[in-house]
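**Student:** Take a look at the following structure, please.
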Amino acid sequence: MATANLLTSVTGLEHTSKLTKLYLGFNELKEFSIHQPSLMGLNIENNLLTKLDVDNCFNMEYLLATSNQLTELNISTNKALKHLKVSYNKLQEIDMSHSKKLEELWI
């Protein structure tokens, strides 16, 4: 857990093959990319994100990315997604056609 620090980057996560939950809220991240099939949940709320790449996180069930600066978000490979919270961003559109398991949506 790295919540409420002043992080501007996180590296080396490609070596964490058993990582299932990641909390990075309330930091100063501007870009974040993770391609971890084992990841089931990501909380990256209240950062400065303009780019978020969660491609290949096939088992991700929740993504919490509220209060950032995102203008786009691709969740087409996140087919296990049940909870998506992306309010308070700058999104103009989001493709939900692959989100068949979605139970909760905050935009």
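All of the numbers you see were taken from the coordinates with simple rules; none came from a lab. Keep in mind that what you see is a predicted model, and the values were worked out from it rather than measured. Cβ sites come from the backbone with ideal geometry, for glycine too, and all protein chains shown count toward neighbours.
**Student:** Which residue, LEU63, LEU49, LEU22, has the most motion in a Gaussian network model of the chain that connects Cα atoms within less than 10 Å?
**Tutor:** Among LEU63, LEU49, LEU22, the largest GNM mean-square fluctuation belongs to LEU22.
**Student:** Also: For labels at GLU72 and ASN5 in the simple 7 Å Cα→Cβ model, what's the distance in nm?
**Tutor:** 3.0
**Student:** Based only on Cα atoms, what mean projected area does the convex hull of the chain have, in nm²? Before the final figure, lay out the partial values.
**Tutor:** Working: hull surface 22.6 nm².
Taking a quarter of the hull surface, the average projection is 5.6 nm².
**Student:** What's the extension gain from ASP55 to LEU19 if we count 0.36 nm per residue and subtract their Cα-Cα distance?
**Tutor:** Values: separation 36, 0.36 × 36 = 12.96 nm, distance 1.53 nm.
The ASP55-LEU19 span can extend by a further 11.4 nm.
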